[in-house]
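I have a structure here, written as structure tokens, and I will follow up with some questions on it.
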There are 6 protein chains.
Amino acid sequence: DFMIALENDIKPAFGVSDECFSKYILNGIINFGEPVTRVLADGELVVQQTKLSDRTPLVSLLMEGPTGSGKTALAATLSMKSGFPFVKICSPEDMVGYSESAKCQAIKKIFEDAYKSELSCVVVDDIERLLDYVPIGPRFSNLVLQALLVLLKKIPPKGRKLLIIGTTSQKEVLQQMEMVSTFNTHIHVPALSTGEQLCSVIEDFDCFSAAERATLQKKLSGKRLCIGIKKLLVLLELVRQTEEGFRVPKLLCLMEEEAGLE
Amino acid sequence: DFMIALENDIKPAFGVSDECFSKYILNGIINFGEPVTRVLADGELVVQQTKLSDRTPLVSLLMEGPTGSGKTALAATLSMKSGFPFVKICSPEDMVGYSESAKCQAIKKIFEDAYKSELSCVVVDDIERLLDYVPIGPRFSNLVLQALLVLLKKIPPKGRKLLIIGTTSQKEVLQQMEMVSTFNTHIHVPALSTGEQLCSVIEDFDCFSAAERATLQKKLSGKRLCIGIKKLLVLLELVRQTEEGFRVPKLLCLMEEEAGLE
Amino acid sequence: DFMIALENDIKPAFGVSDECFSKYILNGIINFGEPVTRVLADGELVVQQTKLSDRTPLVSLLMEGPTGSGKTALAATLSMKSGFPFVKICSPEDMVGYSESAKCQAIKKIFEDAYKSELSCVVVDDIERLLDYVPIGPRFSNLVLQALLVLLKKIPPKGRKLLIIGTTSQKEVLQQMEMVSTFNTHIHVPALSTGEQLCSVIEDFDCFSAAERATLQKKLSGKRLCIGIKKLLVLLELVRQTEEGFRVPKLLCLMEEEAGLE
Amino acid sequence: DFMIALENDIKPAFGVSDECFSKYILNGIINFGEPVTRVLADGELVVQQTKLSDRTPLVSLLMEGPTGSGKTALAATLSMKSGFPFVKICSPEDMVGYSESAKCQAIKKIFEDAYKSELSCVVVDDIERLLDYVPIGPRFSNLVLQALLVLLKKIPPKGRKLLIIGTTSQKEVLQQMEMVSTFNTHIHVPALSTGEQLCSVIEDFDCFSAAERATLQKKLSGKRLCIGIKKLLVLLELVRQTEEGFRVPKLLCLMEEEAGLE
Amino acid sequence: DFMIALENDIKPAFGVSDECFSKYILNGIINFGEPVTRVLADGELVVQQTKLSDRTPLVSLLMEGPTGSGKTALAATLSMKSGFPFVKICSPEDMVGYSESAKCQAIKKIFEDAYKSELSCVVVDDIERLLDYVPIGPRFSNLVLQALLVLLKKIPPKGRKLLIIGTTSQKEVLQQMEMVSTFNTHIHVPALSTGEQLCSVIEDFDCFSAAERATLQKKLSGKRLCIGIKKLLVLLELVRQTEEGFRVPKLLCLMEEEAGLE
Amino acid sequence: DFMIALENDIKPAFGVSDECFSKYILNGIINFGEPVTRVLADGELVVQQTKLSDRTPLVSLLMEGPTGSGKTALAATLSMKSGFPFVKICSPEDMVGYSESAKCQAIKKIFEDAYKSELSCVVVDDIERLLDYVPIGPRFSNLVLQALLVLLKKIPPKGRKLLIIGTTSQKEVLQQMEMVSTFNTHIHVPALSTGEQLCSVIEDFDCFSAAERATLQKKLSGKRLCIGIKKLLVLLELVRQTEEGFRVPKLLCLMEEEAGLE
Ligand SMILES: Nc1ncnc2c1ncn2[C@@H]1O[C@H](COP(=O)(O)OP(=O)(O)OP(=O)(O)O)[C@@H](O)[C@H]1O
Ligand SMILES: Nc1ncnc2c1ncn2[C@@H]1O[C@H](COP(=O)(O)OP(=O)(O)OP(=O)(O)O)[C@@H](O)[C@H]1O
Ligand SMILES: Nc1ncnc2c1ncn2[C@@H]1O[C@H](COP(=O)(O)OP(=O)(O)OP(=O)(O)O)[C@@H](O)[C@H]1O
Ligand SMILES: Nc1ncnc2c1ncn2[C@@H]1O[C@H](COP(=O)(O)OP(=O)(O)OP(=O)(O)O)[C@@H](O)[C@H]1O
Ligand SMILES: Nc1ncnc2c1ncn2[C@@H]1O[C@H](COP(=O)(O)OP(=O)(O)OP(=O)(O)O)[C@@H](O)[C@H]1O
Ligand SMILES: Nc1ncnc2c1ncn2[C@@H]1O[C@H](COP(=O)(O)OP(=O)(O)OP(=O)(O)O)[C@@H](O)[C@H]1O
Ligand SMILES: [Mg+2]
Ligand SMILES: [Mg+2]
Ligand SMILES: [Mg+2]
Ligand SMILES: [Mg+2]
Ligand SMILES: [Mg+2]
Ligand SMILES: [Mg+2]
């Protein structure tokens, strides 16, 4: 059913039980092209592998890519759609102001809960924030780092299976910490890079007229750019606030400033 | 009504409920020229966006500029005039001598209160002070930094909207901390840079005679200088203490020493 | 009986008392060639020496090699097969989120328990994790390091004998910490390095047909590669998920990407 | 009345309420020349400004100069003579062995007391000591530094006025800490630098005969030297202990050794 | 009686009261040549000096040499044979996992007990371990270091005499810490360096036949090598485990690998 | 009476009340020449100044010189002979294993006790040890340093006088810490540097015959050497243990090795 989902976009229509995922996928998953298809397909395979293999009761997947490229939304989507009986997002948002050791305990608790279910998925979101990482120094919580390094290798109890999905925009840092190689697999989540992908997102938006969309398509086709889906959505929302008629030039101007459109 | 306000200056005439803002806008907002108009207009747009957009329930704005350029007063003004039901200034002044973790809790509390209102504005004032930043080392509170980095990305609960306005005179430092890119928008708040702007402030002051003002206008027009509005007001106050007749040369002398007037 | 075991592979068939070792030897010990034979033989000698010598009541052995080369599984196997009345694995997995001093106490407790038995074996697994080591800084727990350095030299009480088996993938770091020279002996546990060794593992796997195995043997024989047994097993499991017929090219492709097969 | 005071020296004759200031002005203020006159005049202006201006309820003055140049005595004098209802010296002498946070609380308490009076003066003495500063490292209390940086900018409550006088012999260090620019004004307190200034102090001393003073005047006039008033007073006291007749050469000798007199 | 002891080896035959020393001299003291004779003679002189001199109630001796050269066994021997009423070994083995301050208190306690006896000897064993020293950083416990630096200079109470014997394999580090110069005397404890010394140890061992010993003597005489007595004993024990007939080549091979025998 | 004492040596003959000083002057003060005379005379002057001057109620003296040059014994002597009603030695020996803050409190307590007496003397012995100083890092207790820096400047209460005598062998370090300039006066305590001074000490010793002393005088006169009195006394004591007849060559040999005698 993933493949079906990919043909259309995944709309943010959550049931009660999905409530807590909704804020991570605020604007749904817009399928703006091959990268999205590929990320979801690769992720889906890892989900299946966890479900089916007996020899690998622990599977771990790192989703890495630039700021705002949609890592969290995609990880949340994968875990939510997995249908596993236990799915949990371990997010720094729930640990604001926690001491290193409180953070550690909270993380450990999530994994211990996961070990209790036969089939579990834990999303370890925004690893650099969980680690309190800052490039000045650099500084980070070694207590949390060591806990994660161990939990990423710890086989669940007999008869239990666990999928760990991590997200980060600091792959190089995690590599220095020898965390990247501790994950079994990696998926790169890229920013939008072509005019076609951008048009694809615009199609999905109700704020441009058909004529405007045609103009944009002509102007953008074949062009290179670089912008994360998250920032793009904020800018489109900004464009929407401007008066009709001014929107196309405004968008192109913003894309030049913020996305390096030539 | 912002635009109206801009035509005249914003005088510090606070009602009871505005009491707590008054100390941040001690001498009102003197509209000394284009930079002030622009900052207030741009800021106002961000306020409107927060109010109107449904897809971006979290909007964040960084006001950065040199020491004493009026960042705090302008942020306080924007938030106060927004008319949002919940407006709060998160200021280091209320956290003197707090431990890192007490600071964190205080900040977190303000955001949690904000999440309870449908439409909120939180001014995070003087971020380098909240972070206990000092260039020697450099040293800063990573606990507070991480809390801010997370709070700046955390979507408010369903149906709630939040505008975060940060102020800082240490943009480069925040950039290294990857905090600048976490804000959605930035507004630069410059110091006064021309003789015309200086004259504009002087017009607003009751301490020079019409003749003196004319002399100053002649002497200053076309000149470059560099001084924050905050320091300028202190120096004008000093000039006022000197005897009549000596004020014009005293002011010019001070501007040469302290504002680099040629 | 070790030598017999070596002729066949050691299958993971644990009794009740071996339960706790099973997770460390999840996929048994596949005897893929000379390195495995040698490691087990050398290890067995050290076990015998502990049992028989009177002048050396304390024997210590460091098993070092690249990530995933099978150190933990081999150490667990050696200790389990030793037949010593007291055998314990001191693993970071049981100390997630422990403070430095809690870690120390836990380690000390294991040794104190070992001293109570006439003949004991303690596996100190993943020493870099016990030390909370991270190359950035570098940082590590000096409290744990010092405890280990002392325990590695401390003669057990009169009439007691102790074998300590350490494992690490950070030999150079332990050398700088002067821990390597504190061990009596070292055994290098290498990754798989030849096509023959790889074929040996494949023989052991039920996922390829005889024809496929023959093809692989031809393609791989005489080739160099480099992959730890742990990662290899994950990849083979991945290959198993792909459709029949596609498995051989898939494996070869993976080996090129991940094991440097030419 | 300051100007009158300047004509004569300020003798240390304290009433009961001045008791606590006496130890900071142990040997009065000897008016040895222009620098003393200037420092007191400039300081007096700042005191008047605090009293009279309505727009600047917070005035801050940094008195900086070499070790022993008389900064503390002068700051104590200014504050004592201000006649403000609340005057307090915040001195490291009252915080020996305090923890960083106890120091912070003590400082904060003084400011909070000051805010309660309509017109207050707080002397923040020996800032480098309050900061526990040492050039090796360098090390200092960031907690105290941040508290001071905030208190130096914090507007007192409506209707209250506050003058803050800081003293330091480490101007460059405070500059790096961005504290110097946080003060509104600075006054430089120099060491004695001429033979004439030295003679001026000697005149004030009862230990030389008129003939000796004449000799000294001749020998010293036109000469350069460099010595803080504090150290000079200790040396004069030492000279006094030597036998009559030997005092003039002894003094000259000491001045050569310790004050660089040519 | 030391000199008599030197003629024969000191066999590990301990009475009840010597129980606690036995583990430090597990394999006795084998007199393999001049270095052993000299160390024991020099040590004995220091013991006598403590006993006899009235002007030096505090004598301190540092025994330093490479890892495993026998420092601890020799220090234990000297102290045990001194016949002093109070003899104590202050060893890191009894302080595993202690906090810095607990370590300090334990050390202090031993010295305070020693001060209560008229004639005492305290062996401060493995000083680098007591200091939690690690070359990475470097890191060490300054609390323990400072305690030792003071205790090494502190004169015992009137009428009491104290001999302190320290051991270390990190002389250069202790020199940087200014601890070496705090000791009154130093004795260097070398590793074995000649074939003759090695033969001397072999003579003492019951595992080679007379013929084998003759062969070894011929092969080894005049050769240079470098190995600590501690490691040598472990290797000889290993050789003993191999079959008769293979022992001589095995030993020579090991000596080439581990002792640099040419 | 100091000058009388200087003609003879000061023998260690303490009354009951002097008990606690005796351990600091274990072997009396041997007047081996000009340096001893000068140090005692200069020190005595400082003592007199404290007693007599009214304008300098706080006098501070730093005695600095190489390890073992006799600083502590001389400071103890000066303070003991001062006849001041309150005399106290603040020594690291009484603070073994104290935390930084316990050390601070202990030091503060001594000063507070001193302030209660009209005329007091506090010896702050071995300042580098009170500061827990170690050159690696360097590391030291900033808490203790700051406490000392403040106490060295703090005027005692009205009507009280205080003499502070510090000792150190780390003048350069204290200079970097800006502590040297905080002392009013400094006295250098040198090691023995001439053969004549050495002979002077030997004269004082009962262990050489008249003939031996004559030989030594001839051999040593005009020679340069460098040895602290403390170490010299230990070596002389060692020489005394050797057999008669061998003592002169033994002494000369030791002086060559340890004192650089040519
Ligand atoms: N194809 C898509 N992939 C991912 N997110 C998408 C996609 N289409 C729309 N979105 C929306 O874009 C936003 C992506 O934000 P998200 O927080 O997941 O980015 P991120 O990479 O985790 O950011 P950060 O680097 O700040 O952690 C979400 O609101 C999501 O609903
Ligand atoms: N156009 C203006 N913009 C901002 N402030 C103004 C303006 N006109 C007058 N003011 C007054 O100038 C002062 C500006 O001080 P403010 O504390 O806001 O500066 P700041 O940039 O925040 O300083 P700092 O860098 O120290 O935080 C206030 O008293 C405000 O009332
Ligand atoms: N010959 C073998 N040697 C070791 N392990 C083997 C062998 N054959 C199969 N295995 C299996 O391979 C896995 C080896 O993983 P193990 O955790 O022991 O590796 P490791 O070197 O300790 O990894 P790490 O470096 O992450 O600590 C185990 O599941 C084990 O059952
Ligand atoms: N003109 C003068 N200015 C200042 N102090 C004077 C003057 N004349 C005499 N004094 C006396 O000199 C001493 C100055 O010492 P004070 O402690 O004020 O110096 P300081 O600069 O604060 O020293 P430090 O740098 O150590 O803090 C006081 O005892 C004061 O009474
Ligand atoms: N001549 C000898 N000198 C010292 N030890 C000897 C001698 N002959 C035999 N031995 C034995 O050798 C061993 C020496 O080990 P010991 O622990 O004293 O070495 P060490 O130098 O203290 O080691 P480390 O550097 O690890 O602290 C002891 O078991 C001792 O009984
Ligand atoms: N002229 C002398 N001056 C000082 N000490 C002397 C003199 N003559 C004999 N002594 C003796 O020499 C010893 C000097 O040791 P002391 O501890 O004072 O030296 P120190 O310089 O303080 O050493 P350290 O640098 O280790 O602190 C004392 O035992 C003292 O009695
Ligand atoms: Mg994210
Ligand atoms: Mg501000
Ligand atoms: Mg392992
Ligand atoms: Mg001062
Ligand atoms: Mg030892
Ligand atoms: Mg001393």
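Yes/no matrix, rows are residues, columns are (1) aromatic (Phe, Trp, Tyr); (2) in contact with a strand residue (DSSP E or B) (Cβ under 6 Å, 6 or more places away or on another chain); (3) at pLDDT 95 or above:
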position: B:Ile4; (1), (2), (3): no, no, no
position: B:Phe21; (1), (2), (3): yes, no, no
position: B:Leu26; (1), (2), (3): no, no, no
position: B:Val39; (1), (2), (3): no, yes, yes
position: B:Gln48; (1), (2), (3): no, no, no
position: B:Leu52; (1), (2), (3): no, no, no
position: B:Pro57; (1), (2), (3): no, yes, yes
position: B:Leu78; (1), (2), (3): no, no, yes
position: B:Phe84; (1), (2), (3): yes, yes, yes
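Check segment E:67-78 and report whether any residue there is without any contact (Cβ under 8 Å) to a residue 40 or more places away in the chain and either crowded, with 20+ Cβ neighbours inside 10 Å or on the phi < 0 side of the Ramachandran plot (or both). Spell out the reasoning first.
From segment E:67-78, those without any contact (Cβ under 8 Å) to a residue 40 or more places away in the chain are none; that's our starting set.
No, that holds for no residue.
Further question on the same structure: Only one of E:Glu100, E:Glu128, E:Glu112 is without any contact (Cβ under 8 Å) to a residue 40 or more places away in the chain, within 21 Å of E:Met179 (Cα to Cα) and more than 16 Å from ligand 12 (Cβ to nearest atom); which? Before the answer, list the steps.
Numbers: E:Glu100 fails: without any contact (Cβ under 8 Å) to a residue 40 or more places away in the chain; E:Glu128 fails: without any contact (Cβ under 8 Å) to a residue 40 or more places away in the chain.
The match here is E:Glu112.
Taking the condition of being in contact with a strand residue (DSSP E or B) (Cβ under 7 Å, 6 or more places away or on another chain) and within 30 Å of C:Gly68 (Cα to Cα), how many residues in segment A:180-235 meet it?
8
Given the structure, is F:Thr167 within 14 Å of chain E (Cβ to nearest Cβ), away from ligand 10 (no atom under 16 Å from the Cβ) and of a type in the set (S, T, N, Q)? Let's see the steps before the verdict.
Details: within 14 Å of chain E (Cβ to nearest Cβ): yes; away from ligand 10 (no atom under 16 Å from the Cβ): yes; of a type in the set (S, T, N, Q): yes.
Judged against the criteria, F:Thr167 is a match.
Would you pick out the residues in segment B:89-109 that are in contact with a Lys or Arg (Cβ under 9 Å, 6 or more places away or on another chain) and either of a type in the set (Lys, Arg) or crowded, with 19+ Cβ neighbours inside 10 Å (or both)? Before the answer, list the steps.
Within segment B:89-109, the subset in contact with a Lys or Arg (Cβ under 9 Å, 6 or more places away or on another chain) is B:91-93, B:95-97.
Those that are in contact with a Lys or Arg (Cβ under 9 Å, 6 or more places away or on another chain) and either of a type in the set (Lys, Arg) or crowded, with 19+ Cβ neighbours inside 10 Å (or both): B:Ser91, B:Pro92, B:Met95, B:Val96, B:Gly97.
If you take the residues of segment E:47-79 that are touching a Cys at 6+ places or on another chain (Cβ under 9 Å) and within 14 Å of chain F (Cβ to nearest Cβ), which of them is farthest from ligand 8 (Cβ to nearest atom)?
In the first step, residues of segment E:47-79 are kept if they are touching a Cys at 6+ places or on another chain (Cβ under 9 Å); the result is E:47, E:50, E:66, E:78-79.
Subset that is within 14 Å of chain F (Cβ to nearest Cβ): E:47, E:50.
Details: E:Val47: 72, E:Thr50: 70 Å.
Looking at residues that are touching a Cys at 6+ places or on another chain (Cβ under 9 Å) and within 14 Å of chain F (Cβ to nearest Cβ), I get E:Val47.
Moving on. Sort through F:Pro66, F:Pro156, F:Pro138 and tell me the only one that's within 25 Å of D:Gly137 (Cβ to Cβ), modelled with pLDDT of 95 or more and either within 16 Å of ligand 6 (Cβ to nearest atom) or not basic (Lys, Arg) (or both). Please lay out each step first, then the result.
Numbers: F:Pro66 fails: within 25 Å of D:Gly137 (Cβ to Cβ); F:Pro156 fails: within 25 Å of D:Gly137 (Cβ to Cβ).
Answer to the check: F:Pro138.
Here is a follow-up. Out of the residues in segment A:175-216 that are small (Gly, Ala, Ser) and more than 14 Å from chain C (Cβ to nearest Cβ), which is nearest to A:Thr50 (Cα to Cα)?
My answer is A:Ala191.
Could I ask something else about it? Quick one: count up the residues across segment E:130-148 that are within 16 Å of ligand 5 (Cβ to nearest atom) and crowded, with 22+ Cβ neighbours inside 10 Å.
First, the residues of segment E:130-148 that are within 16 Å of ligand 5 (Cβ to nearest atom): E:130-135.
Add one more test, that the residue is crowded, with 22+ Cβ neighbours inside 10 Å, and what stays is E:130-133.
So the count comes out to 4.
The values are calculated or read from the model by the stated rules, or taken from the named source; none is laboratory data. If you're wondering where the values come from, they're calculated on a predicted model, not measured in any experiment. Positions of Cβ are generated from backbone atoms using ideal geometry, with glycine treated the same way; all protein chains shown enter the neighbour counts.
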